[in-house]
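Values in this text are rule-based calculations from the coordinates and carry no lab data. Predicted model only: the values in this text are computed from it and were never measured. Reconstructed Cβ throughout: ideal geometry from the backbone, glycine too, with neighbour counts over all protein chains shown.
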Amino acid sequence: MRRIIEERLLEWKNNPKRKPLIIDGARQIGKTYTMLDFGKKAYPNTAYFNFEGNRALKAVFAENLQSERILRELSAYSGKSIQRETTLIILDEIQACPSALASLKYFCEQASEYHIVPLECKAADNTKSKSLKSFINTHKPGHAIRISAKNFGFENGIHSVPLYAVFCIMP
């Protein structure tokens, strides 16, 4: 299964029409580990940011949502050079910073050459995804999939797939 997930992530990485890849799911299912591991394997540089309880990081997104300014400040904050096409940017616990969520629209419009993966975490029984719904409403993707602890389902344009059945969504 790991190989299939890595293949899908590489497809996303190499897509010239790439948009931020929102990964949404319950806590402790491997979202962060998977993306950090993918970053090590597929990118020269990975910049990881966790919004949970981090006021200084949230302040980066509070001033305005200009992509280039945000990227400069994230680079300074992390002490890493964030480069187009070669840096994986992981925004963990994005649900804790609504302005970071709002910035995704501007990254799509103004800075699509940056590889951005917001991670949204929830309790296993709470699958109300503001990030995923907002992204769908704004960018109208062909399909959206939520991996969760709940059963298969389809609601508001989002396919829900239980974690134990992730292999079912992979061709």
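Values computed for the structure shown
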{"quantity": "Using alpha carbons only: equivalent-ellipsoid semi-axes of the stretch 2-127, gyration tensor based, whole Å", "calculated": "21, 19, 13"}
{"quantity": "Violating pairs (Cα-Cα greater than 20 angstrom) within the set K105/K133; K58/K105; K31/K105; K17/K80; K13/K105; K19/K133", "calculated": "K31/K105; K17/K80"}
{"quantity": "Ordering of 70-79, 95-104, 11-20 by packing [mean C-beta count within 10 Å, highest first]", "calculated": "95-104, 70-79, 11-20"}
{"quantity": "Amide H contacts under 5 Å for N45, placed H, 5+ residues apart", "calculated": "L88"}
{"quantity": "Stretchable slack from K80 to F154, in nm (0.36 nm times residue separation minus alpha-carbon distance)", "calculated": "22.6 nm"}
{"quantity": "Backbone N within the stretch 82-115 under 19 Å of label point (7 Å from R55 Cα along the Cβ vector)", "calculated": "96-100"}
{"quantity": "Fewest-first sequence of E109, E93 by Cβ atoms within 10 Å of each Cβ", "calculated": "E109, E93"}
{"quantity": "Residues A42 and A62, FRET efficiency given R0 of 41 Å [Cβ-Cβ distance, rounded to 0.05]", "calculated": "0.85"}
{"quantity": "Relative contact order (%) - criterion: Cα under 8 Å, at least six apart; region: the stretch 2-127", "calculated": "38 percent"}
{"quantity": "Full-stretch length increase - I4, Y33 - with 0.36 nm per residue and alpha-carbon distance subtracted", "calculated": "8.9 nm"}
